[in-house]
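Since the structure comes first, as C-alpha cells, the remarks are kept for the end.
The values are calculated or read from the model by the stated rules, or taken from the named source; none is laboratory data. Nothing here was measured: the structure is a model prediction, and the numbers come from that model. Positions of Cβ are backbone-derived with ideal geometry, glycine not excepted, and every protein chain shown enters the neighbour counts.
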Amino acid sequence: MFARERAAAVARRVAAALHVVFHRASDLGRRGRAVTIAAARRVASWPATQAVGRESRFAAPFAILYGLALGGILVLGAHLSNASPSRSHPFGWPGPSTFDNGVAMVRDDLELGAALPALLLGLTLVRRVRPTRPSGLFVTAVLTDVAAVVVGALLATQVGSWGAAATANEAYWAFFTAHALLGLSFFAVGLLPTVVAPSFGVLMGGFVGLGFLSAYDKWVKWRIFRQLGYEGIMAGAFPLWFYVAQVLSPLSTYRGILITWRPQFRDWEEKAALDGVVLPPWVNPAMFSALHFFVWVIVPLEAAIIAWVVRTGRTRAELGQRAEPGAASPDAGG
C-alpha cells in the first residue's frame with residue numbers, strides 16, 4: 001500500500017512538472033512568434049526592403065518572361081538543328097536534338113534574346129527611381145534588376161535542359177554563365193548613359209547597344225579576314241590587336257566564353273576557322289569570364305552608381321535652395 005501511494009505521489013509530481021514545462025514552453029512559443037512577427041514588420045518597414053518590393057513588381061515578371069523566351073529560343077534551335085532536310089534525309093537528320101546543337105544553331109537569336117531585353121531593363125531603371133530618394137535605394141534597385149537577369153538566365157538554362165536532349169552538365173554551366181554575363185553587360189550598357197545624361201541617355205544607350213549587336217563584331221571580322229586570310233587564321237596567328245578588340249565588345253567576350261568552354265557551341269563559321277587551331281593557353285573561358293565581368297559589368301555599374309550619387313546630391317542641393325526662406329530669385333535684378 002505504501003509503495004502504491006508513493007508511486008502515485010511521484011506520478012503527480014511528474015505530471016505537475018510536465019504541466020509547468022508545457023505552459024512555459026507555450027508561453028515562450030507565443031513570445032517567440034510575437035518577436036518574429038515584430039522583427040518581420042520592422043524589416044518590412046525598412047526603406048531598402050520597400051525599394052526591393054517596388055522594383056520586384058517589375059523585375060520578377062521580367063525574370064520569368066526573360067527566362068522563358070531565351071529558353072524557348074534554345075529549344076527551337078535544338079529541334080531545328082536536326083530537322084533541316086537534304087536529298088539523303090528528306091525529313092532531317094537522325095539523332096537527338098541536343099542542347100549543344102541548339103546553341104550552335106541559333107547563336108545569333110540567343111544573342112538578341114539575351115541582350116535586347118536586358119538593355120531595355122537598364123534603359124528604363126532610372127524612370128522607376130526618384131532622384132530625390134537616398135542613393136542607397138538606387139543601389140538596391142540596381143541589385144534587384146541584376147538578380148532578375150541572373151534568375152532569368154538560370155530559368156532559360158532549365159527550360160533548355162527540359163526541351164532538348166540530355167547533355168553534359170558542362171554545357172549547362174557554360175550556357176548559364178555566358179548568357180547571365182551577356183545580359184548583365186547590356187543592362188549596364190543601358191543604365192550608365194541614362195544616369196550620366198538624363199536628357200538623351202536612352203538614345204545613347206540604345207545606339208551603343210545596337211552598335212555592338214549589329215556592327216562592331218562584323219567590322220572586327222572584316223579586318224582580321226583581310227589581314228590574315230585563310231592560312232593565317234588556320235595557323236592561329238592572331239595579332240595582339242585582335243585580342244584587345246575582343247575585350248572591347250561584350251558580344252566578343254560572350255562568344256569567347258562559349259566557344260572556349262564548350263567547342264560544340266561553335267557555329268559553322270567558327271568551326272571552319274578554329275577547328276584544329278591551337279590557341280594560346282591564356283585564351284580560356286576563365287579569362288574571358290573575368291574580363292567580361294570586370295570590364296562590362298563592374299565598371300559601368302560602379303560608374304552609374306557614382307554618377308547617380310552626384311546627380312542626387314545636386315538635385316537635393318537645388319531643392320534645398322528653393323526651400324530656403326528669403327532665398328534670392330534667379331530672375332531678380334541686380
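Looking at 175, 186, just one residue is assigned to a helix (DSSP H, G or I), in contact with a Ser or Thr (Cβ under 7 Å, 6 or more places away or on another chain) and either modelled with pLDDT of 95 or more or not small (Gly, Ala, Ser) (or both), and that residue is 175. Take residue 328 and tell me if it is of a type in the set (A, V, I, L, M) and either farther than 30 Å from residue 122 by Cα or modelled with pLDDT under 70 (or both). In short, yes.
Among the residues that make up the range 156-169, is at least one of them within 23 Å of residue 314 (Cα to Cα) and surrounded by 19 or more Cβ atoms within 10 Å (Cβ to Cβ)? Checked against the condition, which is being within 23 Å of residue 314 (Cα to Cα) and surrounded by 19 or more Cβ atoms within 10 Å (Cβ to Cβ), the range 156-169 yields no hits at all. If only residues of the range 259-309 that are part of a helix (DSSP H, G or I) and among the charged types (D, E, K, R) are counted, the one that is farthest from residue 104 (Cα to Cα) is 302.
The set of residues from the range 224-240 being surrounded by 14 or more Cβ atoms within 10 Å (Cβ to Cβ) and on the phi < 0 side of the Ramachandran plot comprises 224, 227, 228, 232, 233, 234, 238.
Residues that are at pLDDT 85 or above and acidic (Asp, Glu) occur in the range 90-102; there is at least one. Of all residues in the range 244-272 being within 17 Å of residue 294 (Cβ to Cβ) and loosely packed, with under 15 Cβ neighbours inside 10 Å, which is farthest from the chain's Cα centre (by Cα)? My answer is 244. Among all positions in the range 205-215, there is no residue which is part of a helix (DSSP H, G or I), polar (S, T, N, Q) and either at pLDDT 95 or above or within 15 Å of residue 118 (Cα to Cα) (or both).
Restricted to the range 186-220, and to residues there that are of a type in the set (Phe, Trp, Tyr) and touching a residue at least 24 places away in the same chain (Cβ under 8 Å), the residue that is surrounded by the fewest Cβ atoms within 10 Å (Cβ to Cβ) is 216. There is no residue in the range 195-202 that is at pLDDT below 95, more than 28 Å from residue 314 (Cβ to Cβ) and not hydrophobic (A, V, I, L, M, F, W, C). Within the range 222-258, restricting attention to residues that are outside any helix (DSSP H, G or I) and hydrophobic (A, V, I, L, M, F, W, C), the residue that is modelled with the highest pLDDT is 248. Going residue by residue through the range 221-237, is there one that turns out to be free of Cβ contacts under 8 Å to residues at least 12 places away in the same chain and under 25 Å from the mean Cα position of the chain (by Cα)? Among the residues of the range 221-237, not one is free of Cβ contacts under 8 Å to residues at least 12 places away in the same chain and under 25 Å from the mean Cα position of the chain (by Cα), which makes the answer no. Taken over the range 162-172, the criterion of being under 13 Å from residue 76 (Cα atoms), touching a helix residue (DSSP H, G or I) at 6+ places or on another chain (Cβ under 6 Å) and in a helix (DSSP H, G or I) is satisfied by 163 alone.
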